[in-house]
Amino acid sequence: MRRSDETLAEDRLLRDSARRFLEERHPWKEPAARRAAGDPAATWRELAELGWFAMAVPEELGGLGADAHRCLLILQEAGRVMLDAPVMTTLLIAPRLAAGSDSPALASLLDGAAAGDVRFALVTGSDRGAPLRVAAGRLDGTSALAVGAAEATHWLVVADGALSCLDAAATPALRQELRLIDGRAASVLRFDGVPVPDEALVATGDAAARLAAEAADLAIAGTVADALGALAAGIDRTTVYLRERRQFGQPLASFQAVQHLMADSYCEMEGLASLLLWLGAALDGDPVERRRAAAAAKIFLGRQGLAAVSRCIQVTGGMGMAEEYPIGHVFKRLQTAAALFGTADHHLHHLAAG
Amino acid sequence: MRRSDETLAEDRLLRDSARRFLEERHPWKEPAARRAAGDPAATWRELAELGWFAMAVPEELGGLGADAHRCLLILQEAGRVMLDAPVMTTLLIAPRLAAGSDSPALASLLDGAAAGDVRFALVTGSDRGAPLRVAAGRLDGTSALAVGAAEATHWLVVADGALSCLDAAATPALRQELRLIDGRAASVLRFDGVPVPDEALVATGDAAARLAAEAADLAIAGTVADALGALAAGIDRTTVYLRERRQFGQPLASFQAVQHLMADSYCEMEGLASLLLWLGAALDGDPVERRRAAAAAKIFLGRQGLAAVSRCIQVTGGMGMAEEYPIGHVFKRLQTAAALFGTADHHLHHLAAG
Amino acid sequence: MDSLFTDDEKAFRRHVRASIRAMLPADLAEKTRAGIHLSREDMARWNRILDERGWAAHHWPAAHGGTGWTPIQRFIFESECADADAPPLSVFGVYLVGPTLYTFGSEAQKARYLPTIRSGAEFWCQGYSEADAGSDLASLRTTARKVDGGWVIQGQKAWTTEGHFADLMICLARTNSAVKPQAGLSLFILDMKAPGVSVHPVITIDGAHSVNTVFLDEVRVPDDALVGELDKGWTYAKFLLGHERINNAQVHRSRREFTRLKALAARTPAPGGGVIADLPGIRQRVAGLEVELSALEATILRILADQTQGREPGPEASIVKVIGSRLQQSISDLAMDVMGEDGIHITEDGSDPDAGERRGWTERHLFRRVVTIYAGTNEIQKTIIARTVLGL
Amino acid sequence: MDSLFTDDEKAFRRHVRASIRAMLPADLAEKTRAGIHLSREDMARWNRILDERGWAAHHWPAAHGGTGWTPIQRFIFESECADADAPPLSVFGVYLVGPTLYTFGSEAQKARYLPTIRSGAEFWCQGYSEADAGSDLASLRTTARKVDGGWVIQGQKAWTTEGHFADLMICLARTNSAVKPQAGLSLFILDMKAPGVSVHPVITIDGAHSVNTVFLDEVRVPDDALVGELDKGWTYAKFLLGHERINNAQVHRSRREFTRLKALAARTPAPGGGVIADLPGIRQRVAGLEVELSALEATILRILADQTQGREPGPEASIVKVIGSRLQQSISDLAMDVMGEDGIHITEDGSDPDAGERRGWTERHLFRRVVTIYAGTNEIQKTIIARTVLGL
């Protein structure tokens, strides 16, 4: 549903305050410097104090009941500064899945999450390895890249047969810890007959399948929002650079070829923003439309989004290539986003087969 | 095989004389004006007098024994002026198929072709309708677009089971006469149990299949050569226009955006020329390489070639849109070439499956 | 894209859909499907039918005889018209001249011209472009010389769409050559039947006649033919072109064509059996276009939602013009590849049962080269985006 | 593309292939497959092996210790080196400095430097680019001041590839500021161990160290460090960059990578079963790249055939640079899509049996953003094409 004027005004207030906070407290730094300087637990508490982890929690579960669009605005702001903290699952996915489930397994943790004590990570099955499967109370299989799983207190495990919420410290899993190219941490988890207690079951059967589909689309929405924020910041930084930097006796910004390359990038960013707007609205609606919107956004990100950020590197020349400047990191953030939760090829394949 | 310096010098002489002749006698005109003014039979005799239809005939059959590359140079020149006369089959295809056949059916007509009395048209099966098939001495099926079939004295019919050369006047076929968008005439022919006399058989069985494959690749080579010539002339005309025409107080040629669009077109034209060079050499070699080269050239034409000519229309604005100027006709000539003998999609599909 | 509409808007769509299906004569729908350049008579007929319903000037304010609909409602209406294969309304009268006149025209001009635009009784053409001033209106050469009781217009207009059957021209002419080029232009209403007006057809590469060169040889217009203030024509022209750009995204037409293209592919036999629509390469391209079309639709809805809140479209118009025009070309590019050999001849003898779905695609494809050129080339739009949005 | 080679050339290819396979140490081939930035030691080792065979300076004239091969023979040699996963030779010494010195250098310079370039005993780096003079060498700020018995060089060079292990730099510096910017430049040979030279690493977005910033703080070079004539550096630099552009098409590397990419796709499981290589969308992209790669190869062969007839490469170098660099990026783009999630983490713990074919792709993909930028950006190449070939 389209947003009312009043809602839009509130959106803007929220976005502006998030932007001010993040630019002041978590401005972009090289990932290594950021990791050296930061205290992830302190950052998480700060974000909790801002209310980030209560906002999507339904009012009847004690939260602020914000809709998906509003959560995506926050995630865009996190993307702008390329925040390391893996907030997407706790901010967006867990509260919405809890709302769609009859079980208290997830709902009972939302208060703790809102307070900053519980941190969720989404654990989905790898398309390529052994599938994640819950049968007879046991979990088997290998996960896809689970961003933030090492930092999380709880894993929201999307498996065939069941959606469960496992206490990370108490769950015996073979963990492969990886560093993503955008600097964030991710894990691949292998489960070999891990017991899933009844009280950890969020949903089973058809309800689990329904929530799994929702989780996939929510993850895409959050990932695209983050990437869009990063891209917007990248285009901003690029234009600043182009206005300052001179070549052949004039500002780079004055070359028509450069102008047109950046105009193309801008058009692509706008297209991505529009598809995310659609997806944000569709998250509250019919699953068929939601699926189409998620696929469209992910395909557009992997094609036009990557093209847009590539041009930013092209026109900034060496600056975009150097690790110490942000443009290259924007590229890596988008490249990461393009690969998580299904590549453009993957989604296009399904859309084409559909 | 790569060409020697001496051969290249001869090539240039031949090309230059063809260009001079065509620019003087058959400069580009609007198709309607050209049709009104021209006498196709006289044109054909003129071209025969130039030796065009003897050049590819093997020396042992009384011709000049020119290789494929040289024939393609002539076809490029024909493309430059967008010649209406459908010379490809008589100039390139018939002599080469005759050389590959044991039967006199085709070879016996080459003298007449060299003199301008015999005009061939290639008739191939439609991929979509009933296939052309010769069985028990009878021809059935529907042809693809056969360019120049109405003007031809003989049809070179590529059918399953046999390659035959039929006297057009004596062959009962249901003819659908069409006007191609580039102004040339083409026919769709339907054969219902048309008798194929033994003396019309060029090849049967395996030999027919081998020659059919060769005919397909020759047709692609000739079509790409024609299109490349048209594209080169189109780019030439476009740059002349850009240097003359002023906008916002300066020549269009001075805008960087326009320069870069045309540089892209030029790169694409060069790529197409390179693939045609390969194909020209491959026509004299191994059929597997020949097939790959033909597919590559046709795919490149349908993608990069069309992109290149589209940009010519774009930068010449209204001039490219008007029927009275040549740029739009170059576009139509390439669009026609892209559709004849299999689209880029079609060849890509086979290459991908290969 | 249902979730971007309110329940009221969905109800409005159902209402509009039913009404249009009831009002639209079948022969007009059939002609629209088949052709690209409709006759004046066909366009006028549909215009009249809509006007009777009060929907002809659907995007005008109610005060000027429009519907007073919100931008989203107009979007829905246009989308339903396209879906039903309703003939397009004349771009110049309803979309361009009308808004220019009710915004800048005198009361007398509004009273005289708005009703006949709405009813389709009078057709307009645009007199901006010249052979040496296509995208660059500042180098316009047509002049208007003040004489007693009016003006004398002298010059030559190029690319005048529908000029051969228009009744009136909205004509940009130089009234002051002492100031900088864009400052000395004024906008006039010119009767196409006035002495000195001669219209010469220009055949475009689709073989059709829809555009013209119009010679204006000492054409006299009265004082009240001037629109708005003297020497302010540049401002009005920019206003009008802004409207033209959004319109030129042609998103509804693209959506409708895309649907038809899928139907065409599903009916076209593929080499080696099956249909073209099932070839993997075609499937991928169709899916890719679906995504791009969705992006365009969502972008336009974003802009319209902003307009609903009172923000006028600025450089967003350039964005949708660039994206929309490229998409129009991509759709017909794919159609050409779907049709293959069947797409490169124009004459049909009617014997082919599939010709119905194929009809018109080739002509549209050829004529469509123009959509990235007219209304300010895409290169000019990119410069606008770079300068006004990106500050480059 | 066999039909574009003579029988002699085909025999030459077989000979070269067998020789390289015999000469190339397996560990070097393995390292080349895995990495992107090789160590000096690795490059030197292969250089030495080739030099013993007389093939290190394979594209130099025989008079300077080269092979005297035709351009086509060089093409074949380079293609076979790439196919065998031989380490690339240091671009700067063999490809750029060598030709510059044997063309413009003094006899003493040739005698001193050419042998160690051939043997790989000394490594060179390029001292052209500066922070404010990347593609625009005319705005170079490094100066060389004449002093008794030599010159004092002062300035700062940017993007100096391999500067951290090079022995020598070929350095462009301003020797005359009274003339127009490109006229007052000269070319010097500079010892990287000289006092005043300091090298600062620049980490690129692939996380690796291959380029540097080099500070030249009052670095003294002798009179005979000047290459060719004073103030003629611009001419020499253009000569050198022309060579660089053809080389930067990297066609052999692209062909080799393309082969490896197909192998990777054929081994990578697809979602839902089968392998990625069999997905229709991937197949189409692979086939499309094959066509583009063939076009590039054929174009380079055309240029080389022209060279064989004595024509020097002109703007064709710009064409292959543009096409070749884009193709390099398209190949690694596709590799990223083939790898999916496996392509976005860099650290490998070795437990994955498939890592072998995957190794290095991500780093190459990231570093490869540079190929459309360096050696004159593709935009600059397009301007060259437009001006020199098309006369725009």
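Mind giving me the nanometre distance, one decimal, between the label points for C:Glu30 and A:Arg35, set 7 Å out from Cα along Cα→Cβ? So the label points at C:Glu30 and A:Arg35 sit 7.1 nm apart.
For region B:273-339, the fraction of C-alpha pairs more than 20 angstrom apart is 41%.
With coordinates expressed along the principal axes, the C-alpha atoms belonging to region B:207-353 extend over 64, 26, 25 Å, beginning with the largest. Distance between the modelled labels on D:Glu107 and C:Gln156, one decimal in nanometres: 7.1 nm (7 Å Cα→Cβ projection). Computed over the alpha carbons of chain A, Rg followed by Dmax gives 20.2, 73 Å. Relative to the longest principal axis of the Cα atoms of chain C, the long axis of helix C:7-23 lies at roughly 90 degrees. Each copy carries a label point for C:Gly310 at 7 Å from Cα along the beta-carbon vector; from one copy to the others these points are 7.9 nm apart, nearest first. Per residue, the average separation of C-alpha pairs within less than 8 Å and at least 6 apart gives chain A a relative contact order of 16 percent. Between D:Arg141 and C:Glu229, the simple spin-label model (points 7 angstrom out along Cα→Cβ) gives 4.9 nm. A straight line joining the Cα centroids of region B:1-41 and region A:305-349 runs 49 Å. Take the Cα radius of gyration of region D:124-231 and divide it by 2.2 N^0.38 Å, N being the number of residues; the result is 1.03. Distance from the B-onto-A rotation axis is smallest for the Cβ of the chain B residue given, in whole Å, as B:Gln256, 2. Taking region D:188-214 and a reference point 7 angstrom along Cα→Cβ of A:Glu324, the backbone N atoms nearer than 19 Å belong to D:197-214. From the square roots a ≥ b ≥ c of the eigenvalues of the alpha-carbon gyration tensor of region D:257-392, which class results: rounded (a/c under 1.5), prolate (a/b over b/c), or oblate? Prolate is the answer for region D:257-392, as a/c is 1.5 or above and a/b outweighs b/c. In a Debye calculation with equal point scatterers on the alpha-carbon sites of region D:3-118 and no solvent, what is log10 I(q)/I(0) at q = 0.11, 0.15 Å⁻¹? Cα-only, vacuum Debye calculation for region D:3-118: -0.37, -0.68.
Shown for region C:203-275 is the translational diffusion coefficient from the Stokes-Einstein equation, using the Kirkwood radius over Cα pairs, a temperature of 10 °C and a viscosity of 1.306 mPa s: 89 µm²/s. Along its three principal directions, the equivalent ellipsoid of region A:27-130 from the Cα gyration tensor extends over semi-axes of 24, 18, 13 Å, largest first. D:Tyr374: accessible area at probe 1.4 Å, nearest 10 Å²? In the full protein context, D:Tyr374 sits at about 70 Å².
Centre-to-centre separation between the Cα atoms of region D:287-337 and those of region C:179-214: 47 Å.
Against the longest alpha carbon principal axis of chain A, how many degrees, from 0 to 90 and to the nearest 10, is the axis of helix A:40-49 turned? Taking the Cα atoms of chain A, the angle to A:40-49 is about 90 degrees. Relative to the longest principal axis of the Cα atoms of chain B, the long axis of helix B:205-244 makes an angle of roughly 20 degrees.
Counting Cβ atoms of other protein chains within 10 Å of each residue's Cβ and taking the mean over peptide C:255-267 gives 0. If R0 is 56 Å, what FRET efficiency do you get for B:Leu13 and D:Gln329 from their C-beta distance, rounded to 0.05? It comes to 0.85.
In the complete set of protein chains, residue-level accessible area for C:His209 is approximately 60 Å², probe 1.4 angstrom. Rounded to whole numbers, the Karplus 3J(HN,Hα) couplings from phi for region D:96-105 are 10, 5, x, x, 5, 5, 6, 8, 10, x Hz, using 6.51 cos²θ - 1.76 cosθ + 1.60 with θ = phi - 60°, and x at Gly and Pro.
In nanometers and ordered shortest first, the copy-to-copy spacing of the B:Ala169 label point, defined 7 Å from Cα toward Cβ, is 10.1.
Working note: Cα gyration tensor of chain C, eigenvalues times five, square-rooted, sorted largest first, giving semi-axes of 36, 24, 22 Å. Using alpha carbons only, how many angstrom separate the centre of region A:135-166 from the centre of region D:32-59? A separation of 49 Å, based on Cα centres. Overall form of region D:58-188: prolate. Here a/c, set by the Cα gyration tensor axes a ≥ b ≥ c, is 1.5 or more, and a/b is the larger of a/b and b/c.
Distance from the D-onto-C rotation axis is smallest for the Cβ of the chain D residue given, in whole Å, as D:Pro280, 2. Starting from the label point of D:Asn176 at 7 Å along Cα→Cβ, the same points in the other copies fall at 5.4 nm, in ascending order. The shape of the protein assembly as shown can be summarised by an equivalent ellipsoid whose semi-axes, obtained from the alpha carbon gyration tensor, come to 48, 47, 36 Å from longest to shortest.
The values are calculated or read from the model by the stated rules, or taken from the named source; none is laboratory data. None of the values given here were measured: they were computed from a predicted structure. Counting neighbours? That spans all protein chains shown, and the Cβs are built from the backbone with ideal geometry, glycine included. Accessible surface is based on the protein model in full, side chains and every heavy atom, while ligands, DNA and RNA are left aside. Shrake-Rupley method; radii C 1.70, N 1.55, O 1.52, S 1.80 Å.
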